[in-house]
Amino acid sequence: MEALFLAVRAEDGRGQPTALRAAVMEHFGTSSVVDVTAALHFGEIRRSRLHELAPVLLRAGAAGDGPAMAAVERLAEEVFLLARATVDRLDLRDQSVDVVLGGSVLAARDPQLLEGVSRRLAAYAPRANLLIVDDPPVVGAALLGLDALGASADAEIAARTALLARARGSDPSQERSLPGGRRNC
């Protein structure tokens with residue numbers, strides 16, 4: 001939504017010029033950002049496709065586009081505030097703690113975004129360790145279910161391997177896990 005918002009404002013003159021204008025038009029194959037918003041309004045572009053603009057925004061930020069860089073910094077601040085609230089609720093600010101973040105935007109490991117989150121977290125909770133999970137949520141749900149059933153470590157490794165292979169569209173028999181069924185975060 002933010003990428004589209006910035007592109008609309010650049011096109012109609014209310015906002016700063018931004019590479020997002022051209023990038024949004026190119027992504028959706030239109031000749032203007034107004035055409036994108038009209039297509040969204042009339043159902044020609046599904047609203048669910050707006051998430052496709054997250055990597056577009058991150059690329060524009062990485063290329064030095066000012067409005068996109070500012071949006072990535074705002075996102076880093078919001079992610080940090082979420083982590084801070086959780087650390088505070090659990091009274092872990094002065095403890096050595098893993099702060100685990102996930103989701104496709106964070107799993108993309110954009111340097112500006114992760115640096116912004118890491119910098120803020122380090123200043124607030126210096127002993128915290130930031131980890132990014134790139135497994136799809138279904139893997140965590142399946143592992144929790146297997147834990148609740150008292151399944152063996154081998155069953156958990158097999159489930160994780162099969163689910164990750166399916167998520168990638170590959171053959172589960174060709175997937176390999178690290179010892180203990182763990183994957184590098």
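The requirement of being out of contact with any Ser or Thr (no Cβ under 7 Å at 6 or more places or on another chain) and surrounded by 14 or more Cβ atoms within 10 Å (Cβ to Cβ) is satisfied by Ala70.
Does Val36 meet the test of being in contact with a Lys or Arg (Cβ under 8 Å, 6 or more places away or on another chain) and open to solvent by less than 60 Å² (accessible area, probe 1.4 Å)? So Val36 fails the test. Among residues of region 57-81 that are under 20 Å from Val8 (Cα atoms) and among the charged types (D, E, K, R), those with a beta-carbon under 8 Å from a residue that is modelled with pLDDT of 95 or more and open to solvent by 50 Å² or more (accessible area, probe 1.4 Å) at least six positions away or on a different chain give the pairs Asp65/Ala19; Arg74/Glu2. Restricted to region 1-17, and to residues there that are outside any helix (DSSP H, G or I) and more than 16 Å from Pro55 (Cβ to Cβ), the residue that is least open to solvent (accessible area, probe 1.4 Å) is Gly15.
Pull up region 125-144, narrow it to residues that are hydrophobic (A, V, I, L, M, F, W, C) and closer than 19 Å to Val79 by Cα, then point me to the one that is surrounded by the fewest Cβ atoms within 10 Å (Cβ to Cβ). Of everything passing the filter in region 125-144, Leu131 is surrounded by the fewest Cβ atoms within 10 Å (Cβ to Cβ). When Ile45 is tested against (1) outside any helix (DSSP H, G or I); (2) at pLDDT 95 or above; (3) under 21 Å from Ala123 (Cα atoms); (4) aliphatic (A, V, I, L, M), just one condition goes unmet, and that condition is (3). Only residues that are closer than 27 Å to Ala3 by Cβ, open to solvent by less than 90 Å² (accessible area, probe 1.4 Å) and either among the small types (Gly, Ala, Ser) or over 13 Å from the mean Cα position of the chain (by Cα) (or both) were counted across region 87-109, and they come to 5. Can we say Arg120 is of a type in the set (Lys, Arg) and open to solvent by 70 Å² or more (accessible area, probe 1.4 Å)? Here the answer is no, as Arg120 does not meet what is asked.
The values are calculated or read from the model by the stated rules, or taken from the named source; none is laboratory data. Bear in mind the structure is a predicted one, so any value in this text is a computation, not a measurement. Neighbour counts run over all protein chains shown; Cβ positions are idealised from the backbone, glycine included. Note: accessible area is taken over every heavy atom of the protein model, side chains too, but ligands, DNA and RNA are not part of it. Shrake-Rupley method; radii C 1.70, N 1.55, O 1.52, S 1.80 Å.
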